[in-house]
1. Residues in region 1-15: is at least one within 14 Å of the ligand (Cβ to nearest atom) and either in contact with a Cys (Cβ under 9 Å, 6 or more places away or on another chain) or closer than 26 Å to Ala129 by Cβ (or both)?
2. If I filter region 84-103 down to residues being assigned to a loop (DSSP other than H, G, I, E, B) and not hydrophobic (A, V, I, L, M, F, W, C), which single residue comes out as nearest to the chain's Cα centre (by Cα)?
3. Report, ordered by the first and then the second residue, all pairs with beta carbons closer than 6 Å, sequence separation of six or more or different chains, a first member in region 10-24 that is under 14 Å from Arg78 (Cβ atoms), and a second member that is of a type in the set (Val, Ile, Thr) and not in a loop (DSSP other than H, G, I, E, B).
4. Given the structure, is Ala94 surrounded by 14 or more Cβ atoms within 10 Å (Cβ to Cβ) and within 15 Å of the ligand (Cβ to nearest atom)?
5. State which residue pairs qualify: first residue farther than 11 Å from Gly33 by Cα and hydrophobic (A, V, I, L, M, F, W, C) and inside region 80-94, second residue more than 10 Å from the ligand (Cβ to nearest atom) and modelled with pLDDT of 95 or more in any location, beta carbons under 6 Å apart, and separation of 6 or more residues or different chains.
6. Could you please find all residues in region 104-140 being loosely packed, with under 14 Cβ neighbours inside 10 Å, in a helix (DSSP H, G or I) and touching a residue at least 24 places away in the same chain (Cβ under 8 Å)?
7. Of the residues that make up region 97-113, is at least one within 9 Å of the ligand (Cβ to nearest atom) and in contact with a helix residue (DSSP H, G or I) (Cβ under 9 Å, 6 or more places away or on another chain)?
8. Restricting attention to region 25-79, report how many residues are more than 16 Å from the ligand (Cβ to nearest atom), surrounded by 17 or more Cβ atoms within 10 Å (Cβ to Cβ), part of a loop (DSSP other than H, G, I, E, B) and not charged (D, E, K, R).
Amino acid sequence: MSKDSAASVTGLISIANEAKEKSEARFSHFRVGAAIETANGKIYSAFNVESSSYGLSMCAERIALWTAVNAGESKFKRIAIVADSRGFCTPCGACRQVMYELAGDIDVYLTNQKGEVRNYKLSSLLPEAFTSKTLLDGRD
Ligand code: THU
């Protein structure tokens, strides 16, 4: 889903929460919602979607980001990630890699059930990241 407003962090978190409510987590029952904001203030949100072939399930963050990329977006500012967990739902390793490659060093906002908010730079969650720079290094 996409929205056209430059939200505050609180607004971004509430859009991620709205997405979480629609989560398709029928196997893990672990509902996750994510909302990513572009440099121009457009917001794309998504929830996790699970498969009976568990490994084919997909995280909310990657769906939100890929939806934005499919819509032609390439510059991003921040992402909010929310889950039903008591603690903060830090993104999985695969999402960290994909977000870093496609969105760069964005701000990551996490919230817990008490409504407390934590903010990280993505690079602090994925230090010494492997990127296309390394991949292409040394090629003519
Ligand atoms: N999940 C996410 O959507 N994002 C994360 O950062 C961690 C995990 C989902 C995948 C799966 O549907 C469920 O949570 C349990 O792993």
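1. no
2. Pro91
3. Ile13/Thr111; Ile15/Ile43; Ala16/Val82
4. No.
5. Phe88/Arg118
6. If the condition is that a residue be loosely packed, with under 14 Cβ neighbours inside 10 Å, in a helix (DSSP H, G or I) and touching a residue at least 24 places away in the same chain (Cβ under 8 Å), then Ser132 is the only one that fits.
7. The answer is no, given that none of the residues of region 97-113 is within 9 Å of the ligand (Cβ to nearest atom) and in contact with a helix residue (DSSP H, G or I) (Cβ under 9 Å, 6 or more places away or on another chain).
8. 0
The values are calculated or read from the model by the stated rules, or taken from the named source; none is laboratory data. A quick note: this is a predicted structure, and the numbers were derived from the prediction, not measured. All Cβ positions, even for glycine, are placed from backbone atoms using ideal geometry, and neighbour counts span all protein chains on display.
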